[in-house]
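The values are calculated or read from the model by the stated rules, or taken from the named source; none is laboratory data. None of these values were measured; they are calculated from a predicted model. Here the Cβ positions follow ideal geometry from the backbone for every residue, glycine too, while neighbour counts run over all protein chains shown.
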Amino acid sequence: MCEILAVRWPEPTPFGSVLPWAEKIEYYGLANFGWGVAWLEAGKIKRYRNEGRLSEDRAAARELADVASTHYLVHFRRPNRLSTVQLADTQPFLAKGGRFAFCHNGSFTREPEFRRQFEGLLEGKADSEVGFRLFEQILDTGVGPDQALARIHQQLHGSANLGYLGSDGELVVFNAYPTNRFHRFRVNGAEVAATELHSPDDSLFELVFPTATEREVISGSEILAQPEAAR
């Protein structure tokens, strides 16, 4: 029962501009068991994460004070199994060398069938990390991120909202979770996508993004930002 927030600004913008939205999503949502953020910086993806609550994370202000980026991917965690509340399972996951970040909201029902093939790569116990490693494997075959997100859901089954941020500036989200839909919209000059707080009404907009425009529900994979080379 996690939540995801993806933001793309036209110019580098401090994380402090995203923080008020993040704080409200955590407060009104159900995800109080870890949070993290990935961002684009100098052609690499950087990451900060904490297994506790954003509202209680005293280190975040210090660690993120100087962060300014055009791309952010934020994840708030409420695991299906509380035995997985640890830093290794806290998202977003980060590929080696800062190649990309990945996050998941939902439950992969076929995760036990796939776990064994990634045993040597897994650091935690959550089903989401199996999805991360399968996504990485598919991506390495030359499949684009938008198709790779759809493909891991097809293979792992279950419910899934997914987020991807690449070091080339591509930002993609995927929605296949009917009871926690992904919405796409514009606010304060930013292109934004956010899950709906597990509240199938207008609460996301009334409580967090009251000035949002161009609202639409995402279906499948949608690209918020193209790779830099494609612009």
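A few notes on this one:
- Residue match in the stretch 16-33 (condition: of a type outside the set (Phe, Trp, Tyr), under 11 Å from His75 (Cβ atoms), touching a residue at least 40 places away in the same chain (Cβ under 8 Å) and part of a strand (DSSP E or B)): no
- In the stretch 61-71, the residues that are more than 10 Å from Pro14 (Cα to Cα) and buried (at least 21 other Cβ atoms within 10 Å of the Cβ): His71
- Selection count, the stretch 86-126, where residues are in contact (Cβ under 8 Å) with a residue 60 or more places away in the chain and buried (at least 16 other Cβ atoms within 10 Å of the Cβ): 10
- Among the candidates Ala31, Ala38, Ala6, residue that is in contact with a strand residue (DSSP E or B) (Cβ under 6 Å, 6 or more places away or on another chain), of a type outside the set (Lys, Arg), crowded, with 20+ Cβ neighbours inside 10 Å and modelled with pLDDT under 90: Ala31
- Residues that are in a loop (DSSP other than H, G, I, E, B) and within 16 Å of Val7 (Cβ to Cβ), drawn from the stretch 197-224: Phe209, Thr211, Ala212, Ile218
- Residue list for the stretch 125-155, restricted to those being more than 20 Å from Ile45 (Cβ to Cβ), in a helix (DSSP H, G or I) and touching a helix residue (DSSP H, G or I) at 6+ places or on another chain (Cβ under 6 Å): Asp127, Val130, Arg151
- Every test in (1) part of a loop (DSSP other than H, G, I, E, B); (2) over 15 Å from the mean Cα position of the chain (by Cα); (3) in contact (Cβ under 8 Å) with a residue 12 or more places away in the chain; (4) over 20 Å from Phe93 (Cα atoms) is passed by Arg186 save one, and that test is (1).
- Candidate set: the stretch 162-181, residues that are assigned to a strand (DSSP E or B) and surrounded by fewer than 24 Cβ atoms within 10 Å (Cβ to Cβ); chosen: the one modelled with the lowest pLDDT: Ala176
- Residues that are farther than 24 Å from His198 by Cβ and crowded, with 16+ Cβ neighbours inside 10 Å within the stretch 148-161 comprise Ala148, Arg151, listed in sequence order.
- The stretch 66-100, subset touching a Cys at 6+ places or on another chain (Cβ under 9 Å) and part of a loop (DSSP other than H, G, I, E, B), residue modelled with the highest pLDDT: Pro92
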